[in-house]
Amino acid sequence: MAAERNLRRRLVRAGARGLAVVIAAAVAVGVLAAAALVPWPEHRVTPPSIVVKPAETGQLRVCPGPLLSLGDDPDAATTAVSVGSTSVTHGAVPSDAEITETALAAPENPRAEQDGTPLALTTEPGAVEAGMLAGAQGQSVSRDSIAGYATAACDEAVAEAWLVGGATDVGRSGLVLLSNPTAVAATVDVRVIGENGAVDAPSGLGITVPAGEQRVVSLAGLAPNLASPVVHVTSTGGGIAATLEHTVVEGLTPAGVELVGPTATPAPTQIIPGVTVPVDGGVEATDDHAEGDSFPAVRLLATGDDTVDVSIDVASESGGRGSSIDATLEPGIVSDVPLGDLDAGEYTITLDADGPIVAGARATTGTPQAQTGPGGDDRNASVDLAWTAATLPLLDTAVIAVPRGPNPVLHLANPGDDEVEATVTLDGDEHEVSIAPGATEAVEVDARGVVELAGVAGVHATVAYSGERALSSFAVRPPGPLDSPLRVYPH
């Protein structure tokens with residue numbers, strides 16, 4: 001009997017322990033269920049940081065200097081020699097800010113002392129807000145080997161630039177102008193991509209541009225016989241202001257010159273306002289035999305590793321006839337796409353792609369042969385060409401210098417969904433300009449004047465020139481990020 005009682009006690013204790021386990025499990029399940037229903041307390045730790053505004057620096061812009069020509073001196077056929085002087089216009093906001101002009105050295109140009117050199121424009125630290133200093137240059141030339149009108153903005157010195165334009169096939173020549181306004185020598189790589197892909201040109205790598213000097217590189221020396229080059233310039237050390245000079249000769253007749261400034265950085269959407277088409281005509285985009293540069297076209301390069309489909313919308317600023325074109329770009333291959341049969345006028349080109357691209361548009365006033373008849377070589381024919389670069393969106397305010405030249409027009413494109421009410425100040429007089437969504441407004445401006453813009457955030461702008469024996473343009477660019485505040489996270 002005693003053994004039986006002991007057995008019962010052990011069974012009761014075991015059952016009690018089992019029941020306790022079951023109850024504990026049930027409680028745990030209940031707690032977990034409650035935890036799923038009741039929000040946990042949040043505890044976030046924000047890493048310590050501080051917003052640092054860089055020390056104020058003076059604003060700096062670089063003008064590329066006078067036009068150059070190869071082969072003018074029989075004793076130095078490979079030397080680029082200046083052909084006259086350029087006219088520089090500059091301005092700032094506030095208008096009484098002092099602007100200092102400093103000539104850069106141009107040791108490769110034997111006529112630099114007579115014709116001038118590249119010019120650095122600077123202001124004292126704190127005198128001018130970022131982006132409120134502007135300069136630009138314009139020059140007309142009429143020589144046996146080079147003729148036309150060319151203008152260029154005075155740009156910031158940067159570490160990277162894309163130059164979309166030029167050619168090195170028969171009758172075409174190009175010069176890459178590398179200006180270093182800084183106090184530090186720059187090591188520059190000039191890479192060329194063409195219609196057959198990247199060009200192997202070791203001599204374009206590791207070019208030393210001393211502080212305060214300009215170096216000139218022959219594009220044909222790097223990449224001969226190219227119909228459609230794109231030039232990619234990168235720099236370490238000092239920053240570089242890069243410009244491409246493009247010269248055309250048809251037979252014995254000079255047929256145009258242009259200074260091609262940097263285009264917008266690679267992106268899926270590019271906007272090119274103010275493309276001036278002086279005469280009716282053109283070539284259809286489907287024409288497989290479109291050669292030369294006597295018709296409006298857009299030059300495109302997909303900078304990534306994949307094939308890119310791009311839609312090209314060519315919209316007349318006056319509401320006239322435009323065109324819409326679809327194209328497929330192979331990566332690393334430059335394509336010139338004709339813009340179709342266009343009426344004379346001004347156009348904004350919008351490019352929407354499914355990958356990053358760079359772009360520039362070309363137009364001409366015609367060819368000497370078209371103006372003088374078959375076999376004509378009239379050296380007085382009114383012929384010139386222009387390259388219009390893709391632009392970046394402006395900040396809320398901007399200032400533009402308008403150099404000497406024929407019939408300058410400011411083109412303001414609004415790619416947004418809302419109307420833009422911009423204020424354009426010309427010679428102290430304010431003008432309100434309404435820019436409808438997806439539209440471009442043209443504003444006539446005075447040569448050798450300064451234009452102030454306000455309320456233009458997101459707007460794209462180009463200044464274009466056209467006239468007898470003259471066609472040119474330059475992009476209005478926002479300031480770079482060097483003076484922007486930075487958020488610093490200390491370790």
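The values are calculated or read from the model by the stated rules, or taken from the named source; none is laboratory data. Source: prediction; values computed, not measured. Glycine gets a Cβ as well: all are built from the backbone with ideal geometry, and neighbour counts include every protein chain shown. For the accessible areas, the whole protein counts, side chains as well, though only heavy atoms, and no ligand, DNA or RNA atoms are used. Shrake-Rupley method; radii C 1.70, N 1.55, O 1.52, S 1.80 Å.
Some observations on this one:
- Under 5 Å between amide hydrogens, built in the peptide plane, is the criterion, and for residue 342 it picks out 281, 282 among residues at least 5 positions away or on other chains.
- Cα gyration tensor, the stretch 214-368 - rounded (a/c under 1.5), prolate or oblate: oblate
- Counting only protein heavy atoms and a 1.4 Å probe, the stretch 61-157 has 41 square angstrom of accessible area per residue.
- Accessible heavy-atom area order of 446, 306, highest first, probe of 1.4 Å: 306, 446
- Theoretical FRET efficiency, 1/(1+(r/R0)^6), r = Cβ-Cβ of residue 252 and residue 418, R0 41 Å, to 0.05: 0.15
- In plain terms, the chain from residue 280 to residue 330 could stretch by 14.9 nm, reckoned as 0.36 nm per residue minus the Cα-Cα distance.
- Most to least packed among 139-149, 121-131 [average Cβ atoms within 10 Å]: 139-149, 121-131
- Burial ranking of peptide ranges 423-433, 463-473, 350-360, 81-91 (average Cβ count within 10 Å, highest at the top): 463-473, 350-360, 81-91, 423-433
- The HN-Hα couplings worked out from phi for the stretch 402-411 by the Karplus form 6.51 cos²θ - 1.76 cosθ + 1.60 (θ = phi - 60°) are 10, x, 4, x, x, 6, x, 9, 8, 10 Hz, whole numbers, x standing for Gly and Pro.
- For the stretch 252-299: rounded, prolate or oblate by the Cα gyration tensor [a/c cutoff 1.5]: oblate
- The solvent-accessible area of residue 334, taken with every protein chain present and a 1.4 Å probe, is close to 10 Å².
- With a simple spin-label model that places each label point 7 Å from the Cα along the Cα-to-Cβ direction, the separation between residue 208 and residue 100 comes to 2.7 nm.
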